[in-house]
1. Need a quick list: strands (runs of 3 or more DSSP E) entirely within region 166-257 having at least 1 residues that are assigned by TED's automatic domain parsing to the domain that holds residue 130 and small (Gly, Ala, Ser).
2. Going through region 64-96 one residue at a time, which ones are part of a helix (DSSP H, G or I), in contact with a helix residue (DSSP H, G or I) (Cβ under 8 Å, 6 or more places away or on another chain) and either over 24 Å from residue 127 (Cα atoms) or in the same structural domain as residue 136 (by TED's automatic domain parsing) (or both)?
3. If I filter region 147-164 down to residues being surrounded by fewer than 22 Cβ atoms within 10 Å (Cβ to Cβ) and within 20 Å of residue 66 (Cβ to Cβ), which single residue comes out as farthest from the chain's Cα centre (by Cα)?
4. I'm told residue 207 meets every condition in (1) within 26 Å of residue 98 (Cα to Cα); (2) over 21 Å from the mean Cα position of the chain (by Cα) except one. Can you identify the failing condition by its number?
5. Of the residues 139, 149, which single one is in contact with a Lys or Arg (Cβ under 8 Å, 6 or more places away or on another chain), at negative phi, assigned to a loop (DSSP other than H, G, I, E, B) and assigned by TED's automatic domain parsing to the domain that holds residue 221?
6. May I ask you to list the residues in region 115-136 that are modelled with pLDDT under 95 and outside any strand (DSSP E or B)?
7. Can you find even one residue in region 171-178 that is buried (at least 21 other Cβ atoms within 10 Å of the Cβ) and in contact (Cβ under 8 Å) with a residue 40 or more places away in the chain?
8. Taking the options 193, 189, 167, name whichever one is of a type in the set (Val, Ile, Thr), more than 27 Å from residue 246 (Cβ to Cβ) and either surrounded by fewer than 24 Cβ atoms within 10 Å (Cβ to Cβ) or at pLDDT 95 or above (or both).
Amino acid sequence: MNISSLINLYKEGPADKQLLNKLIGEYLDLIARREDDALQKKLLKDLIQKYVSLEKRVDRLLKNTLPEKVAEEIKYEGTFTPRQFYCTILFSDFSGFTMLAETIPHGELIAILDEIFSGFDTIVSDCRGTKVKTIGDAYMAVFGAPEPYKEHAVKAVEAGLEMQDFVRKFNKKSGFSFGMRVGIHTGSVMAGVVGRERMQFDIFGDNVNIASRYETAGEKNKVNISYVTYMESRDHFIFEGRGSISLKNKGKMKAYFVLQENGKDHG
């Protein structure tokens, strides 16, 4: 029975209008509850869709800020537990960049760094590395953390050569004459996430400092590596031994220039 039938019965003057009033009231209440249910379901559906959309945006932002493995652990565990990795660290820095920066408008300088570092990002990612950070014109990456794998030293050296190739091609295209040093070292580090407002995956330990020293002690347009990295990658590249060189606050340590990958000319 629908509402029209109830109203018709009411108009015909039945003996028990009180019963009909009750039936009409119950019917209207049922309709109201159904409409309320439909409204609540629609609101719930809209809320779920907005939540899923927001979660995807947060997920993309988190993974754009942090390595995917780190972002996933934070997402599901609430934190990334600091841990030790045996890995390979790469530093690059432009020689004479400060003097050059004084002659280039700031907007153009930012555009140049953006193009070069975006290229480095692609190279590092393709070589299974993780960008750690940039400081001015310096670029830092790690291979074998936070995703451990065996041939991290090989991949780091490969990335270093490709980064030098990229700068050479950029110079040829742009007319600039950027010279860049690359230093690479292999060893154990502690890795963790620091900061609350702007979380950052970072690595710590003396081997990080040593890698930085190898960059400083290198030469422009060359990839300078430590003895440990050499031992880990010697079957894959052609090297030039440098003997023992002085590293700031580290004394003398063996060093090697990487000339090219076996069977491939990076010159």
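1. Values: elements: 179-194, 200-204, 222-226, 237-247.
Here the list reads 179-194, 222-226, 237-247.
2. Hits for region 64-96 are 74, 75.
3. Top of the filtered list is 149.
4. In the conditions (1) within 26 Å of residue 98 (Cα to Cα); (2) over 21 Å from the mean Cα position of the chain (by Cα), residue 207 misses (1) alone.
5. On the way: 139 fails: assigned to a loop (DSSP other than H, G, I, E, B).
Residue meeting the stated conditions: 149.
6. Passing the criteria: only 136.
7. The initial filter retains those residues of region 171-178 that are buried (at least 21 other Cβ atoms within 10 Å of the Cβ), namely none.
No; the residues of region 171-178 include none that is buried (at least 21 other Cβ atoms within 10 Å of the Cβ) and in contact (Cβ under 8 Å) with a residue 40 or more places away in the chain.
8. Values: 189 fails: more than 27 Å from residue 246 (Cβ to Cβ); 167 fails: more than 27 Å from residue 246 (Cβ to Cβ).
Every option except 193 fails the conditions.
The values are calculated or read from the model by the stated rules, or taken from the named source; none is laboratory data. On a predicted model such as this, the values are computed, not experimentally measured, just so you know. With ideal geometry, Cβ positions are generated from the backbone for all residues, glycine too; neighbour counts draw on all protein chains shown.
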